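The values are calculated or read from the model by the stated rules, or taken from the named source; none is laboratory data. This structure is a prediction, so every number in the text was calculated from the model and none was measured. Glycine also receives a Cβ, built like all others from the backbone with ideal geometry; neighbour counts cover every protein chain displayed. For the accessible areas, the whole protein counts, side chains as well, though only heavy atoms, and no ligand, DNA or RNA atoms are used. Shrake-Rupley method; radii C 1.70, N 1.55, O 1.52, S 1.80 Å.
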Amino acid sequence: MEKSYWMRNRVARRRFLRGAGVIGTGAIGAALIGCGSDDEESTSSAPAAPAAAPAAAPAAATAAPAAATQSSIAQGGAAQLQSSTATAVPQPAENVKRGGHLRFEISGDPPNYDMHANSTYRVNVPLSPVHALLVEFDPLSAVEGPDNVQGQLAQSWTVDNNLKVTFDLHSNAKFHNGEPVTSKDVKATFERIANKDGSIVSPRQKNYDAVESIETPDDTHVVVNLNRPAPSLFAMMAQGWNTIYSHKDIANGMDFKKEINGAGPMKLDKYERGNRFEMSANPDYFIEGRPYLAKQTVYVIPDGSTRFASFQGGETDIFLMATQADAESMMDIMKDKAVLDGPMPSNGFGSINFNTSREPWNDNRVRTAVAMAMNRDEAIAVLSKGVGYHGGYFNPNGIWSAGLDAVQKVPGYKPYSDALVAEARKLLDAAGVPDGFDATILTRQGSTYENFSLYILDNAKAIGLNFTPDVQETASAYDRLNTRNFDLAPWRHGYAVDDPDALFGEFYVTGAARNYSELSSSEVDDLFLKQSTELDVPTRQELAKKMEIAALDLYGKIVTDWSAARMVRRSYVKNVVKHPNLYNANRFETAWLDL
Amino acid sequence: MVSSSGEINAADLEILRRAERQSRLWPKLKKFCARNPLGAAASFVLLIMIVLALGAGFFSTHHPYEIDGLQTFAAPSSLHFFGTDELGRDVYSRIIYGTRISLRVGFIAVGISIIVGTIVGAVSAYAGGWVDYVLQRIVDALFAFPTIVLALAIVSVLGTGINQVITAVGIVNVPRVARVVRASTLSVLAMPYIEAAYCMGANPSRVIARHILPNVFAPVIILATAGFGTAILAEASLSFLGVGTPPPEPSWGTMLSGAASQYIRNAPWMAIFPGIAISIAVFAFNLFGDALRDTLDPRLRGSN
């Protein structure tokens, strides 16, 4: 009698293992996702909880520093440059516990160490503790503007006639190699950033167009002479990017991409690519008693799930790159063991850049049509996961924005509708491409940018444009962007200061380093110059608003959405305030752990 | 049917033969199912996959690229059987369309590896001497690299894209096929009928084409079926690593990577369903390959 199948086919060990292995594929696949990449430029573009109510900031946010609210955008500040009197360094509260080890994460390695030549938080966040600034935004206030600028290496300054600023430096500051920090270092640093000799790629070089010269009468005094009044000078100088380099290092041709020598509260002990930055307290730091921390470790964790697990498991103290979904899930889990700072309006936005040296992108009607075809409600829903904002070129929640009503009068920024899409089709018809055309979208690898491209691709179909994503690894994508080797380049940008000089100087005026479409107009440039020298804030605001509308109408860069920022930290992490961007207040020298 | 002379004409004879073949096929099929129920089940799954791939437009409920900002992260429901992803795209429809990509990768990549591997293996064994030595050292060199590492290296040279992935996956499987075909060819070359063919004046190409290849075909078929699963998994792995099928193509591996990892706590269906699809496909191909080996391999035929 024939045996049953199951009796006949006893499962051999090899077969069993193979079967088990294959069955495990799904589970392994799911587990493998822990190796995925996350390429967001900043948390400001980080998405929120699925189907979460945008305004539903968890109650735990109330435990966050009070400044981490909408008030963070109430900036703009002083009409004129104001002198500062020397103030004593604030003494720590009695309950400060020294010697802690602060650990947090970033989502990828920095391209190099050079703070002056980069614009990614991957450089700024891990390396800021190594450096000192001349002036800085108050790290314990989320409000960033000229009113919140305080000295760091500068203990005070005086302003003469709005055309001359004299900084008085701390005399006891030293670089980590033991050399004293002098006025020559400040001069060399800002001259390097201004990049008059074109020796580096300096994204923020236009910020210092008003600086005529820098003098160093002695080792502790720096005189900045201006060629015109520059109301935003201090805000420009306070950006976390302006770390002071040694003039000797600059003169000796030190490779700042590979070497580092700062005067900050932490010394870089070790950097293992793809793994971590390890820093220990600088015993010779010029502010006595600081930093409170003994160590800082910044882990490089590309995968979102791993970042989440690291924080949940206690391997990190701050969840810097939390998405809104992460933040809310984490707060559900951690309850009062964690604090959610935010979400708050951030200096981050999504945009589409056009290569106007290629047809038909040199035709304003085509760019306008693309702008009209973008459903910005959908952008906020799918790109910012519901926690985002409509706006133009200025932060829509800031004081410089022309306001949503004015922005939405610009044809390409009108509220999305079928009629607008039909209008866009007419523009294409008038531009001689009634049947649309094919083009590629330069797409930086990673879900953030790939999704951004898919959103554009999907919306462009409505007007007959057939776009294909051209996915490039991050470094290659940057290279293609900088060499203008693209048709369309969607990019998420972040910037340090919501100030017309900073923003337009970096993105929109003629010759701006990140004006990737290379479109500008004399009207915009003239308005830029006027507002840049205008000392009366309301007048400057009016000029900035006109400048924004004029620039929007060029469609060199189409803004799709503005995003929110947030941070989760363990409740024992004290004296850390989330700022609306990732580029300032990253030294954590006053942070301490209540353990 | 039968002529007045009592002879059956040629057309009718062909019909009769076909009917006879069909009548033999069904019992064979039944026998196959009885002896290999798992293999039969795997065959059925593969058949479903092929039907889904061919009729993706019919079986899907949404366009796989369609973004819906109002439906992001929707949980599985009657509207979206497998839920939606971070862009509001229907996961079920993307998996259905993803079947096309997986089968396309499987068929073409396996085709490349089988054709190239068979040629290399047969030539290597037949020619012997320095040709064999050189070809086998190349095969050894390719064997030295882990499959996925070699595929990554090839993709990094060729660039990203579905065709590049297919080429890479095909190339990395060539050594295995070449080695098996070489071994089989060497054993076939020692058979008396090969000597007989030479004695009858057959030239080398005829000997290879008519006498050697047909006799090494069984292990090649088994390798091919097993290779399907490997190819699908390799494509998924490359896509997962970000160098495979580019967006917006709904590759299963791509669906598993990127946003799926980011939102796995909030929308686990984004990872679960593509993972299940990969598992089922690879499992089915492996079981089918096992069953085919049991059927075709004379050493296993009839054994329990």
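The table that follows gives values for the structure above.
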read-out: Single residue of B:Val134, B:Val120 found to be without any contact (Cβ under 8 Å) to a residue 12 or more places away in the chain, more than 14 Å from every other protein chain (Cβ to nearest Cβ) and closer than 22 Å to B:Leu213 by Cβ; value: B:Val134
read-out: Pick from region B:271-284, criterion open to solvent by 10 Å² or more (accessible area, probe 1.4 Å) and within 24 Å of B:Gly57 (Cα to Cα), ranking: nearest to the other protein chains (Cβ to nearest Cβ); value: B:Ser279
read-out: So B:Ala267, is it farther than 30 Å from A:Leu457 by Cα and assigned to a loop (DSSP other than H, G, I, E, B); value: no
read-out: Total residues in region B:37-92, condition assigned to a loop (DSSP other than H, G, I, E, B) and either within 8 Å of another protein chain (Cβ to nearest Cβ) or among the hydrophobic types (A, V, I, L, M, F, W, C) (or both); value: 13
read-out: Filtered residues of region B:237-251 (kept if open to solvent by less than 10 Å² (accessible area, probe 1.4 Å) and part of a helix (DSSP H, G or I)); value: B:Leu238, B:Ser239
read-out: Residue match in region A:201-215 (condition: open to solvent by 20 Å² or more (accessible area, probe 1.4 Å) and assigned to a loop (DSSP other than H, G, I, E, B)); value: yes
read-out: Residues of region A:488-529 classified as open to solvent by less than 40 Å² (accessible area, probe 1.4 Å) and farther than 21 Å from A:Trp361 by Cβ, total; value: 15
read-out: Conditions (1) within 18 Å of the chain's Cα centre (by Cα); (2) surrounded by 13 or more Cβ atoms within 10 Å (Cβ to Cβ): number failed by B:Leu47; value: (2)
read-out: Complete set of residues in region B:89-130 that are open to solvent by 40 Å² or more (accessible area, probe 1.4 Å) and within 19 Å of B:Val180 (Cβ to Cβ); value: B:Ile112, B:Ile115, B:Val116, B:Ile119, B:Val123, B:Tyr126, B:Ala127
read-out: Test result for B:Thr230, more than 8 Å from every other protein chain (Cβ to nearest Cβ), surrounded by 22 or more Cβ atoms within 10 Å (Cβ to Cβ) and over 13 Å from the mean Cα position of the chain (by Cα); value: no
read-out: Close pairs (7 angstrom Cβ cut-off, 6 or more residues apart or separate chains): touching a residue at least 24 places away in the same chain (Cβ under 8 Å) in region B:237-254, open to solvent by 10 Å² or more (accessible area, probe 1.4 Å) and among the aromatic types (Phe, Trp, Tyr) anywhere; value: B:Pro248/B:Tyr65; B:Pro250/B:Tyr97; B:Gly253/B:Phe240
read-out: Condition met for B:Phe217 (in a helix (DSSP H, G or I), over 30 Å from A:Tyr449 (Cα atoms), of a type outside the set (S, T, N, Q) and at pLDDT 85 or above); value: no
read-out: Check on B:Ala209, within 14 Å of another protein chain (Cβ to nearest Cβ), within 16 Å of B:Val116 (Cα to Cα) and not in a loop (DSSP other than H, G, I, E, B); value: no
read-out: Within region A:402-456, considering residues that are closer than 26 Å to A:Asn482 by Cα and of a type in the set (D, E, K, R), the one least open to solvent (accessible area, probe 1.4 Å); value: A:Arg444
read-out: Residue in region A:473-487 that is within 12 Å of another protein chain (Cβ to nearest Cβ), out of contact with any Leu (no Cβ under 9 Å at 6 or more places or on another chain) and either hydroxyl-bearing (Ser, Thr, Tyr) or crowded, with 23+ Cβ neighbours inside 10 Å (or both) present; value: yes
